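Below: one structure, written as structure tokens.
Just so it is clear, none of the values below were taken in a lab; they were calculated from the coordinates. Since we're looking at a predicted model, the values are computed, not measured. In this analysis, Cβ positions are derived from the backbone assuming ideal geometry, glycine residues included, and neighbour counts consider all displayed protein chains.
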Amino acid sequence: MIEIKDLHKSYKMGSNSLHVLKGINFKADAGELVAIMGSSGSGKSTLLNILGMLDGADSGEYTLDGVPIKDLSETKAAQYRNKFLGFVFQSFNLINYKSALENVALPLYYQGVPRRERQEKALHYLEKVGLKEWATHLPSELSGGQKQRVAIARAMAAEPKVLLADEPTGALDSTTSYEVMDLIQKINDEGNTILVVTHEEDIAHMCKRIVHLKDGVIVEDKKVKQVRADQYV
Amino acid sequence: MFDIERWQEIFDTIRKNKLRTFLTGLSVASGIFILVILLGFGQGMQNGVEHEFKEDATTSIWAWPGVTSKEFKGLNPGRRIQFINENFETASSMFNDVIEYESPRIFVRDVNVNYGKEALVYSIQGVSSDFQFIEGPVMREGRFINYQDEVSIGKVAIIGNKIKKDVFTDVDSPLGEFIDISGIPFKIVGVFGEMRDREEERIYIPITTAQRVFNGGNRINNMSFTLPPVENFDEAVAQAVDFKKNLRTYLQQAHTVAPDDNGAMEVWSAMEEAKRYYGLTGNIKIFFWFVGICTIIAGVVGVSNIMLIVVRERTREIGIRKALGAKPWSIVGMILQESIFVTAISGFTGLIFSMGLLEIVGPNVEVDYVVNPSVSFNVAFSTVLVLILAGTLAGFVPAWRAAKVQVVESLKDE
């Protein structure tokens, strides 16, 4: 599903440049649930940005579902993002003046889905994350866990091939974190490929595979026995 | 632009951000309001300045006597020159082919004027019927002196509007009333209005009457002529200068004055003054253009600033939309479409209010050097368009940058 070869990325910081990714090789198959771990500054967010086509690599190959991702125009990148990827962020990134339903419907708007169909679909995904009754509420009226569930519903609404979650539990307490992870596991059970960036051990062990990043290179890549989150909920 | 889905999205955004929309609209509307009022007053001041200068007929030429300052043909300097009827009549027939209107004038001095028991302290001038066209008093009531009055030495008087307001408060109209000038009753046959109050404090009587009744003999104090109007301004000036020179030469010869004795008599042409005045209005126009452009620049800066703030506030939203698969153009286009929509609506609201205010208040403004402040609709309309365009440009740059580069930045945790 995802394949990257010898990926390099550096940032210009004034006169000197900062080499963040120093040759990453990584492969993930369909249906995998991978945790990407590493301390801050290890390059994990940069990797996720490149995987999410929000940033370009300096060199190396990146193939997503058999499509080479290279030198994309902004428009093409936007199309691929819309079709292939769903994002979940640490700070939820919901649009604060739109209701939960409208937030979930937004990626469908950019897919050109008609209004009525958009709302039906969005409601379906809200129901899936258990927030059907909260459809008309604004993000400010939701708890952190509910916001993240809305964000996940939004990421799923576009029916992407890969779900990218950047510290999805970073802003949540542990009980809520497990609820969110439970949801992510269930989505994975349905066959979706999910990448989770985290620095929490327990969250990482709820995935099926852990990739350790340090100073811009992968230092460890192992399969783990998945800890189910529902036992904590 | 005509995508219904997009308009729905925009109205959604406007509906849910009422305060932001209102504040943006208010600042744009008030900016344009102030701008149009300022432009209007600029125009008003220009009108006022033009009004102050544009009074008496501009082709008029005046001649009045002075005192000689040079010895000439055995005559001593210091001799006082006195024009007489003959001078006027000769000049009139000499230059008959270029003169349009002509009038001698005499100032009647040391006479008592009474209306009933009230003593009036106004100047009395004897003029001929043409004088109306030379100095241009506008008749408010009745008529001016006519030829018949001159021939019959009629005892008629034309009074200024201010005299009517000050003295004839008890009667509906001063026409038909009599005033006593040195014990002789004069019938009021007309009321004239001038632009300046001072010029309305005059009483005109026929020159023949003034000379006959008040011992004027054949003396006159000054004489005035107008030349027929010429389309071309420079030709008109040349004609006036030519006439002035000929008139002076004749008068100098008639009174035995040295050709280079400037103090003996004065010949003055309004056309030459007008030439100076036209130069002045040119400068004034440039000045107000400058003021107008500065005001528009201030408006552009203001509106652009508002746009910048609005876009800055939405940077994060731009990032989110982009992560969800929006094309950069569609985000920027939508935000600008919304901004233009809000700016245009509020801009034209401000325009309508300010133009309405100028329309209602403008004609009632009575201040020196400000006359009828107004602004042409085309100017105001294009001003609003310029502001919208400038605001759009100002909003476009940061929006484009946000959509293009700063996605990663804008989504970072704050």
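Projected onto planes of every orientation and averaged, the convex hull of the alpha-carbon atoms in the range B:122-192 covers 4.8 nm². What the Cα convex hull of the range B:104-225 gives, in volume per residue, is 98 Å³. Highest GNM mean-square fluctuation among A:ILE69, A:ILE95, A:ILE210, for chain A modelled with Cα contacts below 10 Å: A:ILE95.
For the range A:4-86, the list of trypsin sites (Lys or Arg not before Pro) that fall in a loop by DSSP and count at most 16 other C-beta atoms within 10 angstrom reads A:LYS70. In a DSSP loop and with at most 13 other Cβ atoms within 10 Å, the trypsin sites (Lys or Arg not before Pro) in the range B:114-195 are B:LYS117.
Would you work out which of B:SER123, B:SER173, B:GLN211 lies farthest towards the positive end of the dipole of the range B:104-225, given +1 charges on the beta-carbon of Lys and Arg and -1 on that of Asp and Glu, about the Cα centre? So the residue we want is B:GLN211. Listed by number, the DSSP H helices of chain B that run 24 Å or longer by alpha-carbon position along their axis and have mean Kyte hydropathy of at least -0.5 are B:18-53, B:233-254, B:270-313, B:328-361, B:377-404. Taking chymotrypsin sites (Phe, Trp or Tyr not before Pro) in DSSP loop states with no more than 15 other Cβ atoms inside 10 Å as exposed sites, chain B has its longest site-free stretch at B:3-368. Taking each DSSP H run with n ≥ 4 as -39500 (n - 2.57) and averaging over every residue of chain B yields -18500 deg cm²/dmol at 222 nm.
Shown for chain B is the translational diffusion coefficient from the Stokes-Einstein equation, using the Kirkwood radius over Cα pairs, a temperature of 20 °C and a viscosity of 1.002 mPa s: 79 µm²/s. Computed across the protein assembly as shown, the Kirkwood radius stands at 32.9 Å (inverse of mean 1/r, all Cα pairs).
Computed from the alpha carbon positions, the gyration tensor of the range A:14-125 leads to an equivalent ellipsoid with semi-axes of 30, 17, 15 Å, biggest first.
Note on the range A:75-218: Cα Rg divided by 2.2 N^0.38 Å, N the number of residues, gives 1.03.
Quick one: in the range B:244-354, what % of C-alpha pairs are over 17 Å apart? Every Cα pair in the range B:244-354 considered, those over 17 Å come to 75 percent.
Against chain A, whose longest principal axis is taken from its Cα atoms, helix A:74-84 shows a tilt of about 60°.
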